[in-house]
Amino acid sequence: MVYLRSLFLIIAGFAAGINAKSSTGDSVLVIVEPKQQDNYNLFFSGLKEQGYDLTFRAPKAEAPALIEYDVPAFAHVIVLASETKVFARDITPQSLVQLLAKKTNLIVALSPKQTPLTSLAAEFSLTLPPPGTPLVSYFPAREGPANVIPVSVPAKHTILSPNLHPVWFSGVPHTIGNNPLLVPILRAPAESFASETDGGSADSLVDSAERGGEGLWAGSQQGLVTGFQTLDGSRITWVGGADVFSDEYAKKEVSKGVPSGNLQFARDVAKWTFQETNVLRIDRTTHNRVNSTESLDQYTTNDQIEYAAYISKYDSKTGNWAPCTCLKDLQLEFTMLDPHIRTALLPVAAEPGKYATTFRAPDRHGVFKFVINYKRKGMSFLESSTTVAVVPPRHDGYPRFLSAAWPYYTGAISTSVAFFLFSAVWLASEAREKKAKGHKAE
Amino acid sequence: MPTAYPLPTNLSPATVANTASLIRIVALALISGAAIASRLFAVINFESIIHEFDPWFNYRATRVLASKGFYEFWNWFDPTAWYPLGRVVGGTVYPGLMATSGVIYNLLHAINLPVDIRNICVLLAPGFSALTAWATYMFTKEMKDASAGLLAAAFIGIVPGYISRSVAGSYDNEAIAIFLLMFTFYSWIKALKQGSALFGTIAAVFYFYMVAAWGGYAFITNMIPLHALVLILMGRFSSRLYVAYSSWYAIGTLASMQVPFVGFQPVKTSEHMAALGVFGLLQIISFAQLVRSHVSSQQFQRLLYVGVATIGVLGAVAFAGLTYKGWIAPWTGRFYSLWDTGYAKKYIPIIASVSEHQPTAWPSFFMDLQFLIFLFPAGVILCFRELRDEHLFVIIYAVVASYFAGVMVRLMLTLTPVVCVASAVALSTLLDTFVDPTESEAIEDNQNENGTSTPPTNGTNGTNNGTVATSTAASSKKASKKTGGAAEGMTLSDILAPASAPKTKPRGIYGLDTRFMVIFNTICMLAFFVSHCTWVTSSAYSSPSVVLASQNQDGSQHIIDDFREAYYWLRQNTAEDAVVMSWWDYGYQIAGMADRPTLVDNNTWNNTHIATVGKAMSSPEEVAYPILRKHDVSYVLVIFGGLIGYSGDDINKFLWMVRIAQGVWPNEIQEPSYFTPQGEYKVDDHASPAMRNSLMYKMSYYRFAELFGGGQAMDRVRQQQVPKVGPTLDYLDEAFTSENWIVRIYEVKKEDPLGRDLKSANAFAQGKKRKRTRPAVRRRAVV
């Protein structure tokens, strides 16, 4: 499977030409209200420069379809129509989930309004505040409405470029559930909260607290932009407000002389979502006995087994997969129901991209699996499972002439010798008797 | 001497003997033919197909043996069975059956007869039944004479009790084991009679073959020592017994240890200790006799006896000590269940769940043995009349086997041979008496006692017995006196033993009319027996159970082929390494016909693994799902008979799954919760919640009600009305349902890519609104 997939990816990469920067394809469908399309020109042109092929579709337009004949028509889909209440028939929460299951990547923008997408967020363990309560913050002191907030970006992040300028945000926050597949990208500032924007009176604050009940949507535990990587490897990014991508915020200065980080932020989010960065794969795995290169279907108990995995990382600059020695915490499990052996799979210095280990097969026969199950937030999941049988030694595979068995050997040999001697003596004496009898008879 | 009808007088004894032996050979050949032919109903009515469950494994193993050779078979590790534990087939199988077929296969191919291995497997059992008939003939000949032997051979050839396990296609260990059993016993009797080390060795060799072929060899392992022990206790110890037993035990035990599956069991388990103990006892006794014959002093002899007794007691104590320390394995559960029929149900439900381990119902004795069951006691009593050593064997065998046959249905098989032998002895005695033309005059002398019951064709056998008779003269005289006393008041022995009351007027059979009446009657009984056997064989024992047959309204046969349909679906539509979970009954068939890995199969060696499957089947979906995923299960297969009334389906076996699972997880699975509060086993509206939520129930009745188009859905096995709104499945997808719904296959869904549980994922996919959730409280409560 791994081979097939990688082969497919390589072919897909060639087909797409040098321009292709995503590891899974460069066709992008943007679902956006035609009126607002021009608001995101900088973002779109950035994508086009990278080599993406953008198609635009109004939320209510019937074509182009998301899925044709059960095959997704685009490699990536951006849903910026965050305030649209009624979509065309084929754009439903269910069809978006279906897209994800078919390895399409999504960027979905939300808004304080209640839309079909709001209910979809719940499927991803994201909880949104009640409708009509955007994020509000009065810090830092600034001009402009309280719901347009500069959010500082963590300096070091697996997805974002380092040292980004703060990002303008306006929209709705969400709380992040305990689903391990979620990848928080941007968190709300500590001073922010979700509230109705009627000037931010104390009453409205109390109101929203009451409506939200005990869980007040406030503080830095909330997410604003959150990624999600499905078990199949497709990625979806939830953005609290479509304006993050807008030209207006990209150009808006955070403070005097400091430009906003929105444009770069949008690019980073798109890169991650469209499988350009943090994309790993296992090219192949090999297993064999130590001192042999032949891959066996079955090993004998207590064999010394060598296992190697070749891992490469996608390089979006060249569009190639390059061997990656970047993983330090890779593990191999040798599993039958439960892992019988769990050992570190360390990079081999001589061969980039190769991770290898040697271990002794357990003293237990059965059907075992070599399992690599590497799941880290923001990275592609590495999963590999190879089934082999571990069998007891062959009938002639056991050690012979054990020194511990000498008492038994002695017993067997002495009995045999004694029996032989006894028979010889017996026969001899019988002959003599007969002779004696014969003599008597004479 | 007057005769009832004229006998030819101008025949030389040689002619008579030659003709008799020719007739015997022809009769044996005909009996073999009948034995084979009557087992072919299955092939004629259905097709040349392997039957039932275990034979499918034997067939698969034989194919491996035939294609890859013996050593590969010996080292065969089957990774597809008991997934993921695997099965070391070479070390856990009795290879005798496969080796036999393999030898036949190679032999036929060596002489350029390219016979398919399947046909060899199908026809092996009928072929060996002919050999069984011959072995039974030889055995019975030792008991009485050749004519009794022929009768016994005819009986065993067609008796349903044996046919049930040896029809064509019933490729099971028992197919060859009964022949080996009878031949081992014959060799043992022969060795005992002649004191022959050669026959003792032959017995040992066939014992080895038997050990290699069937787990039931323990029956021989205990029968022969028991016989020897009884002989010793009756004061019949002789050097012949010593030679026969020692040669059999020493060679047989060493040989049996060469079978990998048996290994060191003969010296380590309690089942084999009787044989070892008797062996030791024989050595002690013979040593004592040796010393006694060389030592004259009375006191020393007494000392010797004390010494011998001490050794015996010490041996017993040592045995107990070793058992206590665990060096000798204690009795196994299967053994206990032979004495306490309720034991298995309480402690090892997996044994009790097998239908052939149930106690035998009375009618099945008649069904399997017909009039032999009435003749059987008579034959056993006749054995008491002479009570030679070999007769003791039959008596012990009869008592032991009758008990076992009453305890377990499948052990009817070991009873059948002795029933045939004893009945043949009885019937042939009857016929001898009434066919014999001599009419006794007034008072006969004692010499004729045996003469009346011995036919003229008994010449060769009589001399054979002569040597034995003289050597055991003393004991048998005693014995015959005793039995003579005991037999008083029995009409049969009154008739048959006129000499027991010589003082009264002469007894005997006079005239042709009485003879004719009795013989006619006997022939009628035999004729009915034949027709009964034929009927039972064709109607009850020839169904392959892989293919079912029913009758159309016009009486023609309608074949229900759901099993193969479903297995071939699996074979052709699923990935080669897709693991199929089913109840263990179907494991061998799935492996054999669908060629897919299974979790559990009919080799029920791992109770926990079976209990795991039982737990998955009897738990709700969300509990079962992690179990299925952990075991890499791709498909779940259930048997459902509710639509056409196939009563052997999984819902009827369901309680056993629950019981077995309960044995391992008593806190999670409880049998009572699967019954209604009234204690009934229901599948209708009143079914208990545990029942209705169980995976088994859901898989069985999924979309069943839809089939009735709004009408009341009826389960035709349990005669209950199934709820109109059937169960729903979230974690499984229906993949295949066979024509008559007997086999239903479900695919296990993959985990939801979004990490949700499949129930809510399903609800979402169906467009159901999720309840609005609130974020978790992060504030700490004020203490």
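Rule-based calculations on the coordinates, nothing more; no lab input. Predicted model only: the values in this text are computed from it and were never measured. Cβ: placed from backbone, ideal geometry, glycine included. Neighbour counts: every protein chain shown.
For this structure, a couple of remarks:
- Rounded Å value of the spacing that divides the Cα centres of the stretch B:523-568 and the stretch B:141-174: 21 Å
- Legend: residue pairs A:271/B:750; A:113/A:375; A:48/A:375; A:102/A:377; B:630/B:759; B:630/B:682, Cα-Cα distance threshold 25 Å; pairs beyond threshold, A:271/B:750; A:113/A:375; A:48/A:375; B:630/B:682.
- Relative to the Cα centre, the charge distribution of chain B, modelled as +1 at Lys and Arg Cβ and -1 at Asp and Glu Cβ, gives a dipole magnitude of about 2480 debye.
- With the alpha-carbon atoms of the stretch B:1-103 aligned to their principal axes, the span from lowest to highest coordinate is 80, 33, 24 Å, starting with the largest.
- Cα-based convex hull volume of the stretch B:561-765 per residue, rounded to whole Å³: 125 Å³
- Whole-angstrom Cα spans of chain B along principal axes, big to small: 112, 73, 61
- Residues A:256, A:156, ranked from the fewest to the most other C-beta atoms within 10 Å, line up as A:256, A:156.
- Local electrostatic count, residue B:106, Cβ distance below 15 Å [Lys/Arg +1, Asp/Glu -1]: 0
- Formal net charge of residues neighbouring residue A:327 (Cβ-Cβ distance under 15 Å; K, R +1; D, E -1): +3
- Listed residues A:288, A:262, A:320, most fluctuating in chain A (Gaussian network, C-alpha, under 10 Å): A:288
- Each of B:164, A:429 has some number of other Cβ atoms within 10 Å of its Cβ, and from fewest to most they run A:429, B:164.
- Mean Cβ neighbour count within 10 Å, used as a protection proxy, ranking B:336-342, A:112-118 highest first: A:112-118, B:336-342
- Residues whose amide H falls under 5 Å from that of residue A:340, counting only those 5 or more places apart or on a different chain, are A:334, A:335, with hydrogens built in the peptide plane.
- Look at the dipole of the stretch B:174-331 built from charges on Cβ: of B:205, B:269, B:315, the Cα furthest out on the positive end belongs to B:315.
- Partner aspartates and glutamates for residue B:768 [C-alpha distance under 17 Å; skip if fewer than 8 residues away on the same chain]: A:123, B:730, B:752, B:757
- Helix B:372-386 axis, angle to chain B major axis (alpha carbon atoms, nearest 10°): 40 degrees
- Net charge of Cβ neighbours under 13 Å - reference residue A:166; Lys, Arg +1; Asp, Glu -1: +2
- In the stretch A:280-391, taking the dipole from charged Cβ atoms about the Cα centre, the farthest positive-side position among A:301, A:322, A:384 is held by A:322.
- Ordering A:364, A:400, A:235, B:118 from the fewest to the most neighbouring beta carbons within 10 Å gives A:400, A:364, B:118, A:235.
- The C-alpha atoms of the stretch B:174-331 occupy a region whose extents along the principal axes are 56, 41, 23 Å, arranged from largest to smallest.
- Summarising the strand pairing of chain B, around 80 percent of its internal DSSP beta bridges are antiparallel.
- Helix axis angle, B:650-664 relative to chain B longest principal axis, alpha carbon, degrees: 90 degrees
- Over the protein assembly as shown, the fraction of Cα-Cα pairs per 10 Å bin, rounded to whole percents and listed from the shortest bin up, is 2, 7, 13, 15, 15, 13, 10, 8, 6, 5, 4, 2, 1, 0, 0.
- Distance between the stretch B:24-59 and the stretch A:227-293 - C-alpha centres, whole angstrom: 72 Å
- In degrees, nearest ten, helix A:406-441 long axis to first principal axis of chain A (Cα): 20 degrees
- Using a Gaussian network model of chain A in which every pair of alpha carbons under 10 angstrom is joined by a spring, one finds that among A:409, A:307, A:249 the greatest mean-square fluctuation is at A:409.
- Order by protection proxy (mean Cβ within 10 Å, highest first), peptides B:552-558, B:415-421, A:265-271, A:327-333: B:415-421, A:265-271, A:327-333, B:552-558
- Taking 1.306 mPa s as the viscosity and 10 °C as the temperature, the Stokes-Einstein diffusion coefficient of the stretch A:378-429 based on its alpha-carbon Kirkwood radius rounds to 95 µm²/s.
- Straight-line cross-link reach from residue A:252 at under 19 Å between alpha-carbon atoms covers these aspartates and glutamates, not counting any fewer than eight positions away in the same chain: A:38, A:143, A:243, A:268.
- Furthest towards positive pole of dipole, B:524, B:536, B:225, structure part the protein assembly as shown, Cβ charges: B:225
- MRE, 222 nm, helices only [DSSP H, n ≥ 4, -39500 (n - 2.57), over chain A, to nearest 500]: -7500 deg cm²/dmol
- For chain B, the 222 nm mean residue ellipticity estimated from helices alone, with every DSSP H stretch of n ≥ 4 adding -39500 (n - 2.57) and the total spread over all residues, rounds to -18500 deg cm²/dmol.
- Near the amide H of residue A:389, within less than 5 Å, lie the amide hydrogens of A:298, A:299, A:368, all on another chain or at least 5 residues away, with H placed in the peptide plane.
- Computed from point charges on the beta carbon alone (+1 for Lys and Arg, -1 for Asp and Glu), the dipole magnitude for the protein assembly as shown about its Cα centre is near 2680 Debye.
- Inter-chain Cβ neighbour count for B:749-758, averaged per residue, equals 5 (cutoff 10 Å, partner chain atoms only).
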